[in-house]
Amino acid sequence: MIPIPYQVGGDVQLAWREEARQALHTPVPAIVNQVFVQPGTVVQPGQPLVQLSSRELEREIADVENQLAQVHQGLQQAQQAQIQAEASLIAAQAQEQATQARVMPVLNRVNQLEQGIMPPEMQQLQVEQQRLQGRLSEVQYEIERFESLVADGAIAPIRVDEQRVLYRDIERDLAVNRERMAQAQQELRDKASSEIGNLESQNTSVIAAQMIADSSAQITAQQQTIQMLERRLARLGQQQDALTLTATTSGTVITSDLDLLIGQEVQTDKTLLHIAELNQLTANVEIKEEDLAFVNMGAEVTFRPRQAKLEPYDARVDDILYNVEADETQQKRVATVRVVIDNPEKQLRPGSSGYAKIFSEWIPLYQRVGREVLKLIPERFLW
């Protein structure tokens, strides 16, 4: 009836707790420039650990910065061209307004001429033409009257000749008047045509407007390119910042020979260093299937490391994985129980091995012996 503790357990190997460890990797192939910590250094989240550099990333950043500088220069040129085009447009519009102010009176005079309204200088010619036509009719009448008198012998024939000479002079003056009238009309129409041609040929404002539109399109395109390059440069900057590797969890650096990393080219699949919270470690204990019923969550556990068997460490059951399967020898079926081991002095290290015992209950000695005997008897003999 002597009470003794009933414990189950087995050999274990220590590991980090999943939520309290960090394996440091480079995000891109890079070269190690500097290591800020040493083995055993206690770090906090956000603390710099390793400084890397990537020549490919640096070349890409330099290329983007060069492109950005060229696009900025192109943007400045497009903005200057737009300013010049706007100035040209203002000048062209002013010139066209002046031409229109000069053309409109001429067009109005042509329109009036088409409607039969003569300009003042042509009105004088028209009055003179009417006078000459009236005078021509008078002389024609005198010629006819004088010819009748000559036939009657009342006057000499020379008087008729004088009137005929006067008639020809008036005809000549009338022809000159008509020619001057036609010439004045033609000059007015020619001037109107010339001014209209000048107005139509003045396409400076159209060219300037097109230049403004082209410059605006170039400015928009350059600005969009600048935004794209700036976003790309920002992403590259973030990647470059990410080359300063920092701690994401508090813990102790447990990787040795960190100084040998300096100058090495490392790939993304290489672990640079490990950080672990050593205050607590975990271990997986394989429990026989028949002992699984004696394991409870939170049960006390004793761990003895192989290198210091006389120094037990306190632990507790953290999880019971009911995945019963055959062990490595294929002779028995086991389940896995995860235990958390207190390591306040941080003497234990992941990878260390030892033996863990899980406390179940206090039972009399005879019951313990009976249980051990039952384990030796094949199940087929118990029916």
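The values are calculated or read from the model by the stated rules, or taken from the named source; none is laboratory data. As the structure is a prediction and not an experimental result, all values here were calculated from the model. Cβ: placed from backbone, ideal geometry, glycine included. Neighbour counts: every protein chain shown. Note: accessible area is taken over every heavy atom of the protein model, side chains too, but ligands, DNA and RNA are not part of it. Shrake-Rupley method; radii C 1.70, N 1.55, O 1.52, S 1.80 Å.
Some points to look at:
- Less than 5 angstrom separates the built amide H of PHE36 from those of VAL50, GLN51, all sequence-distant by 5 or more or on a different chain.
- Rounded tilt (10° steps) of 204-241 against the dominant C-alpha axis of the chain: 10
- In Hz, Karplus ³J(HN,Hα) per residue of the range 249-261 (6.51, -1.76, 1.60; θ = phi - 60°; x = Gly, Pro): 9, 7, x, 10, 6, 10, 8, 9, 6, 5, 5, 6, 6
- For the chain, with +1 on Lys and Arg beta carbons and -1 on Asp and Glu, the positive-most of THR225, ALA356, GLN280 along the dipole: ALA356
- FRET efficiency estimate (nearest 0.05) - Cβ-Cβ, GLU56 to ILE320, R0 45 angstrom: 0.35
- Computed over protein heavy atoms with a 1.4 Å probe, the accessible surface of the chain works out to 62 Å² per residue.
- Whole-percent carbon and sulfur share, accessible surface of the range 230-280, 1.4 Å: 43
- Nearest-ten-degree value, helix 365-376 long axis tilted from longest Cα axis of the chain: 70
- Shape call, the range 9-65: gyration tensor on alpha carbons, a/c limit 1.5: prolate
- Phi angles across the range 52-62 convert, under the Karplus curve 6.51 cos²θ - 1.76 cosθ + 1.60 with θ = phi - 60°, into 3J(HN,Hα) values of 10, 9, 10, 5, 4, 5, 5, 5, 5, 5, 4 Hz, Gly and Pro given as x.
- Couplings for the range 167-177, taken from phi via the Karplus curve 6.51 cos²θ - 1.76 cosθ + 1.60 with θ = phi - 60°, read 5, 5, 5, 5, 4, 5, 4, 5, 5, 4, 4 Hz in order; Gly and Pro are left as x.
- For SER256 and GLN80, a Förster radius of 45 Å and the Cβ-Cβ distance give a FRET efficiency of 0.10, rounded to the nearest 0.05.
- Ordering 292-305, 255-268, 72-85 by mean Cβ neighbour count within 10 Å, with the highest value first, yields 292-305, 72-85, 255-268.
- Estimated from helices alone, the mean residue ellipticity of the chain at 222 nm is -18000 deg cm²/dmol (sum of -39500 (n - 2.57) over DSSP H runs with n ≥ 4, per residue).
- Relative to the dominant Cα principal axis of the chain, helix 120-152 is inclined by about 20°.
- Alpha carbon centroid spacing (whole Å) that separates the range 3-72 from the range 341-374: 36
- This structure gives Rg and Dmax of the Cα atoms in Å, computed directly, and of (i) 57.9, 195; (ii) 20.6, 67; (iii) 22.0, 82 that value is listed as (i).
- Taking every C-alpha pair closer than 8 Å and separated by at least 6 residues, the mean separation divided by the residue count of the chain gives a relative contact order of 36 percent.
- Think of each Lys and Arg Cβ as +1 and each Asp and Glu Cβ as -1; about the Cα centre, that makes the dipole of the chain roughly 1280 debye.
- Nonlocal amide H pairs with THR248, under 5 Å, H built at 1.01 Å: GLY46
- Of the residues SER360, SER148, SER352, the one that moves most in a GNM of the chain with alpha-carbon contacts below 10 Å is SER148.
- The count of lysine pairs in the chain whose Cα atoms are under 30 Å apart, excluding pairs fewer than 8 places apart on the same chain, comes to 13.
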